[in-house]
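The values are calculated or read from the model by the stated rules, or taken from the named source; none is laboratory data. All figures in this text were calculated on a predicted structure; none of them were measured in a lab. Virtual Cβ from ideal backbone geometry, glycine too; neighbours counted across all protein chains shown.
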Amino acid sequence: MVPMNKSVAVLAVVTLVSAGCGTACSRGARRDAAADLAAIDALRQEHVAAVNAGDLEAMLATMTDDVVYLPPGQPAVLGTEALRSAVQPYYEQFEIHLSMNAEETVVAGDWAFEWGWASSSMRPLPDGDTVHVEAKYLYVYERQPDGSWKIARDIFNENTPPGVPAS
Amino acid sequence: MESRYWTLLVLVAATLACSASPKPEPRSSEAEIRAIHAMYDAWMEDFEAKGPDGYAAHFAKNGGLLPPKQAPVLGKERIRVWVEDFTEQLTLEVAELNWDEVKVSGDLGFARYHGTGKYIFKSRREEIAFDQKYLDVLQKRQDASWEIVYHSWTSSDYDPSLWDTQWNTEGN
């Protein structure tokens with residue numbers, strides 16, 4: 001009977017410690033969180049690559065169908081079709097170079113939140129002068145039914161006041 | 001002796017498991033969203049009544065403002081100082097605030113809303129109208145109330161805004 005008691009006690013210890021930690025402490029949760037962060041990182045890189053390639057459809061594919069885009073100087077843009085109409089002129093008239101660096105990314109269930117830095121250069125085609133903008137962004141990512149992630153909310157604004165050149 | 005050992009082990013484990021503050025009962029999403037709206041109401045009231053302290057009180061310790069045409073303002077104390085500078089020079093009058101969405105997932109969530117109003121320069125009574133949209137990341141505190149982690153906004157029109165004025169270039 002003693003071994004049985006030991007087993008019960010050990011099981012009780014394991015159960016209590018597990019209950020105390022909750023899912024956040026479990027190895028599985030940590031592994032999933034790491035996988036989610038890696039997937040989000042890859043998605044961001046895919047988004048940047050699409051922008052830099054001037055590939056509007058590939059860029060739109062990184063965003064949810066009901067994406068909400070909140071750029072400076074214009075009302076909110078709701079959904080893929082509205083976003084395509086809003087940004088298509090830029091893809092047609094500018095050569096764009098974008099880089100993004102995430103400062104903090106946090107996953108919460110089927111949503112993830114991220115803020116970071118964005119640096120973009122836009123050169124009017126065919127041979128205009130390049131305009132450089134330093135900005136910060138806040139993204140909300142949403143997990144899709146197939147487990148992948150997409151950008152669901154996108155707000156960004158410049159880092160410098162008027163008259164101060166972006167470094 | 002052996003039995004005592006295992007009893008002690010179980011008790012220690014139970015104590016460790018329960019040593020963290022007890023979590024409040026889980027609430028429905030609707031209740032969480034009501035709690036978030038209540039936080040925003042309190043935020044506005046506290047800003048009105050207590051100024052920069054009241055404004056900053058509703059941010060997470062490591063929270064941040066992501067204002068237009070400025071560097072991020074990170075940390076509760078820096079937010080308080082930023083608002084102090086703002087309120088020394090300007091009065092904010094909100095005419096209308098409209099909710100677009102509030103979503104919650106566990107202890108995190110986000111809120112999106114838009115609003116109109118005006119900034120009034122105290123020294124010269126000049127007014128600048130605003131039409132802005134907002135996106136905030138929120139988190140639940142241990143006491144189940146909510147706080148703002150990040151607060152970001154952009155102008156919704158092409159007109160030059162407060163963020164293009166001398167307040168922005170000189171004050172920050």
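Restricting region B:100-139 to residues that are touching a helix residue (DSSP H, G or I) at 6+ places or on another chain (Cβ under 8 Å), more than 10 Å from chain A (Cβ to nearest Cβ) and within 28 Å of A:Glu114 (Cα to Cα) leaves a set whose member that is modelled with the lowest pLDDT is B:Phe130.
Residues checked against (1) surrounded by 19 or more Cβ atoms within 10 Å (Cβ to Cβ); (2) within 29 Å of A:Glu104 (Cα to Cα); (3) of a type outside the set (A, V, I, L, M):
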| site | (1), (2), (3) |
| --- | --- |
| B:Val94 | no, no, no |
| B:Trp99 | no, yes, yes |
| B:Lys103 | yes, yes, yes |
| B:Gly115 | no, yes, yes |
| B:Lys133 | yes, yes, yes |
| B:Arg141 | no, yes, yes |
| B:Thr165 | yes, no, yes |
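Is at least one residue of region A:151-158 buried (at least 17 other Cβ atoms within 10 Å of the Cβ), under 22 Å from A:Ala34 (Cα atoms) and more than 14 Å from chain B (Cβ to nearest Cβ)? Checking region A:151-158: not a single residue is buried (at least 17 other Cβ atoms within 10 Å of the Cβ), under 22 Å from A:Ala34 (Cα atoms) and more than 14 Å from chain B (Cβ to nearest Cβ).
Residues in region B:56-78: is at least one over 27 Å from A:Val106 (Cα atoms) and away from every other protein chain (no Cβ under 14 Å)?
The answer is no; no qualifying residue exists.
Can you spot a residue in region B:84-91 that is surrounded by 19 or more Cβ atoms within 10 Å (Cβ to Cβ) and on the phi < 0 side of the Ramachandran plot? The answer is yes, given that some residue of region B:84-91 is surrounded by 19 or more Cβ atoms within 10 Å (Cβ to Cβ) and on the phi < 0 side of the Ramachandran plot. A:Arg123 fulfils the conditions (1) away from every other protein chain (no Cβ under 13 Å); (2) within 19 Å of the chain's Cα centre (by Cα); (3) in a strand (DSSP E or B) except for a single criterion, (2).
Taking the condition not in a strand (DSSP E or B) and not aromatic (Phe, Trp, Tyr), does A:Gly116 pass? Break it down into steps so the answer makes sense when it comes.
On the way: not in a strand (DSSP E or B): no; not aromatic (Phe, Trp, Tyr): yes.
Answer is no for this residue.
Count of region A:87-102 residues, restricted to those that are touching a residue at least 24 places away in the same chain (Cβ under 8 Å) and part of a strand (DSSP E or B), is 8.
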